[in-house]
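What follows is a short report on a single structure.
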Amino acid sequence: MELKAIFYLIPSLIMFCCGLYGFITRKNMIAMLISLELMLNAVDMNFVIFNRFLFPGQMEGMMFTLFAIAIAAAETALAIAIIINVFRWVKNIDVRELNKMKF
Amino acid sequence: MSPIIPLLILAIPLTMFLFLGIAGCKLSHKTAGVLGTLGMGTTLVLAYLTAFTYFFDPQFINEAGERIQQVLFDQTWLHLYDNLSINLGFLIDPISAMMLVVITTISFMVHLYSLGYMHGEKGFQRYYAFLSLFSFSMLGLVVATNIFQMYIFWELVGASSYLLIGFFYTKPSAVSASKKAFIVTRFADLGFLMGILVLSYYTGTFDFIRMTSDPTWVLASTGGATFMGCSVLTWALVLIFTGGMGKSAMMPLHIWLPDAMEGPTPVSALIHAATMVVAGVFLVARMFPVYMMEEAATTIVVVIGALTAFYAAIVACTQIDIKRVLAFSTISQIAFMMVSLGVASAGGGQVEHHGLGYMASMFHLFTHAMFKALLFLGAGALIHAVHSNDYTAMGGLRKYMPITHWTFLIGCLAIAGIPPFSGFFSKDEILSACYAWSPFVGVWMTMVAALTAFYMFRLYFLVFHWEEHKCEHHTPHDAPITMSLPLIFLAAVSIVAGFIPFGHFVTWNREAYDIHLDWTIAGSSILIAVLAIAFAWKMYYRKNDLPAKFRKALPNLWDWCLHRFYWDELYIFITHKIIFGLVCRPLAWFDRHIIDGTMDAFASITNRASDAIKPLQSGQVQMYVWVYVIGTLLLGAITVICLI
């Protein structure tokens, strides 16, 4: 049986939906951040899959994925820093309580 | 004649105004007063020089025996188009030369008198600055070479009159009087401006000499155009006359003049008796040949003049404030001049006839300026002595103030028309002109002349005879020399001015002309004046109850006269009830509710809309994500459906 792109894409989609679900339903900011990483990884997978199936001789998709992973690491560090600071100020990381800056 | 002297006549008062206005606060009262008076004195000498040169130098008389009108200088002041520019210049002709003499004489006397009268007042320097400004504007007005220059100075005169009436600006009555004077005359000036525009639109010129030297050309240039059934020229002349009515306090627009008496008394003498208020007469005289072409316009002049003369005279019989008596007397006398000009120009083409009315009017202007200034300055001396404007605070003053008494008596005799005082001659000429036009107007004006004699002597007897008033503070005494000197000088002029052969100097066609006294008219007017004085003597010489009885016998007439026929109330009724109530209030309602309401509606719709959508911005990040995801899915679905 030949491996088709769809076999890779469906797990990627499931991963993405899990991330989205977690992002919407979890109230803890750390958990939301983990969900966000999950979505990001699903997108990275898509890059690799399309590169592999559409342009087999080239490497652009791979390179983008590496970049995205590096940037995601930096972004996570930043997000963690923000979350820690928020926790210091309001003693809470429940996202429902953090609506002081809405207007 | 070189243009230096005329230029100086205008420049000295202007410089004096600027100097005293700017540097006045650094000067002492005395310096400022003396400086202002000296400046006016120099102007007086120069103006006399100009007038005498003009009247006596044969170079100003041409071969036909007419005096020429000469423009001494004329400078383009405002160039708008090639065929529209406004000039400022200096025109000398018989009436402007005469007015130069009148204005500078009265102004100098008032400057001198004010040194005593305004002594120690706060703002003394400002007072002299304003007097100089007024003199400058008035001189500029009479020597105007074109009607627009006249209009400019006309407004300046109005502004300086406003400043001087409101000189005591801490007194609310003075402030409201100055506003009233300014607004009423300004309202009339709107008519003047429209008249100028209509006239110059058709003739294409502002120039006086161009218009008056050939009035048939003016008539022809309108090309028979009509508006609402009257010819355009009639409209223009009536509108111009409206401006004159405002300044000269003719009937519907007279209401400002009695109130203007709130100003200092010398100012009343200068502006509201002798010079500014005759500007309207001067204007009609200046445009006289054009007025001659339009019977309808001149008839209006006569009718308004005659009604005003009678009205003001009868009101003057009941006033308590001596300055108001004089104010109404001024209105009445100016109306005499207007009537005289009207009957002269509506004369039907007889040269003899034109000459009489025009000359009489100018003659009366001259003599009236002298004796009315005298009466006002006399009234000022009285007010200075007893510190009140009402005759009830006076009475029996002849013993204490002999100079004021005698000069005031001379003034009264002059205005009443008793020979040989000056008023007799000029008023008699006016009456002759009126009889020649229409016997009815003649009889009417004779009646007014009788009333004049009555109210002036009523005032005289009440102030100087009647019952001696008890003064608590001090005995009244004659004024200081600076105030007495002008009184004596003006009294002397009032005695002799009647003998000036005025017809040789000022006539409508500038030809010399001999005055003949018509003794039937003169005799009857003397007789009637003497009777009126006798009646006044009977009623007011000694304290008695005749005036009170008289008052009881005619209560309605008395009340109406005392309240000036309710003109002020009528004005208040019209402005407050009709204009404010029926026009302005609905307009204000419309503005507040319809126009503002529309704008408010926009604002409140925006507000409500924002309130309605504000909860969407909840601050719940996950809520946003929900919306975002659903929106994306919807958009995706729509795209897919569209592509299929």
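Some points to look at:
- Which numbered condition B:Trp508 fails, given (1) over 31 Å from the mean Cα position of the chain (by Cα); (2) at pLDDT below 85; (3) crowded, with 18+ Cβ neighbours inside 10 Å: (1)
- Taking helices (runs of 4 or more DSSP H) as the structural unit, those lying wholly within region B:191-257 and holding at least 3 residues that are under 23 Å from the mean Cα position of the chain (by Cα) and either of a type outside the set (Phe, Trp, Tyr) or crowded, with 16+ Cβ neighbours inside 10 Å (or both) correspond to B:232-247.
- Screening B:Ala534 against (1) within 30 Å of B:Pro215 (Cα to Cα); (2) surrounded by 12 or more Cβ atoms within 10 Å (Cβ to Cβ) leaves a single unmet condition, (1).
- Residues of region B:94-138 that are without any contact (Cβ under 8 Å) to a residue 40 or more places away in the chain and part of a helix (DSSP H, G or I): B:Ser137 alone.
- Scan of region A:1-56 for residues that are more than 14 Å from every other protein chain (Cβ to nearest Cβ) and not in a helix (DSSP H, G or I), ordered by number: A:Met1, A:Glu2, A:Leu3, A:Lys4, A:Phe55, A:Pro56
- Of all residues in region B:601-644 being of a type in the set (D, E, K, R) and more than 10 Å from every other protein chain (Cβ to nearest Cβ), the one that is nearest to the chain's Cα centre (by Cα): B:Arg608
- Options A:Asp94, A:Asp44: the member that is in contact (Cβ under 8 Å) with a residue 40 or more places away in the chain, in contact with a helix residue (DSSP H, G or I) (Cβ under 9 Å, 6 or more places away or on another chain) and acidic (Asp, Glu): A:Asp94
Here's the yes/no breakdown for (1) touching a residue at least 40 places away in the same chain (Cβ under 8 Å); (2) hydroxyl-bearing (Ser, Thr, Tyr); (3) at positive phi:
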residue	(1), (2), (3)
B:Met394	yes, no, no
B:Ser426	yes, yes, no
B:Ile430	yes, no, no
B:Ala433	yes, no, no
B:Trp444	yes, no, no
B:Tyr455	yes, yes, no
B:Trp466	yes, no, yes
B:His469	yes, no, no
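- Residues in region B:101-128 that are crowded, with 24+ Cβ neighbours inside 10 Å and small (Gly, Ala, Ser) were compared, and the one that is nearest to B:Tyr169 (Cα to Cα) is B:Ser114.
- Within region B:152-188, the set of residues being part of a loop (DSSP other than H, G, I, E, B) and in contact (Cβ under 8 Å) with a residue 40 or more places away in the chain comprises B:Gly166, B:Phe167, B:Phe168, B:Lys171.
- Selection count where residues are in a loop (DSSP other than H, G, I, E, B), surrounded by 10 or more Cβ atoms within 10 Å (Cβ to Cβ) and among the charged types (D, E, K, R), scope region B:61-90: 0
- Residue that is nearest to B:Thr452 (Cα to Cα), among those in region B:289-322 that are touching a Leu at 6+ places or on another chain (Cβ under 7 Å) and in a helix (DSSP H, G or I): B:Ala313
- Residue within region B:365-385 that is of a type outside the set (Val, Ile, Thr), assigned to a loop (DSSP other than H, G, I, E, B) and in contact (Cβ under 8 Å) with a residue 40 or more places away in the chain present: no
- Consider region A:62-103 and keep the residues that are loosely packed, with under 12 Cβ neighbours inside 10 Å and not in a helix (DSSP H, G or I). The one that is farthest from the other protein chains (Cβ to nearest Cβ) is A:Lys91.
The values are calculated or read from the model by the stated rules, or taken from the named source; none is laboratory data. Since the model is a prediction, treat every value here as computed from it, not as a measurement. Cβ coordinates were reconstructed from backbone atoms using ideal geometry, including for glycine residues, and neighbour counts include every protein chain displayed.
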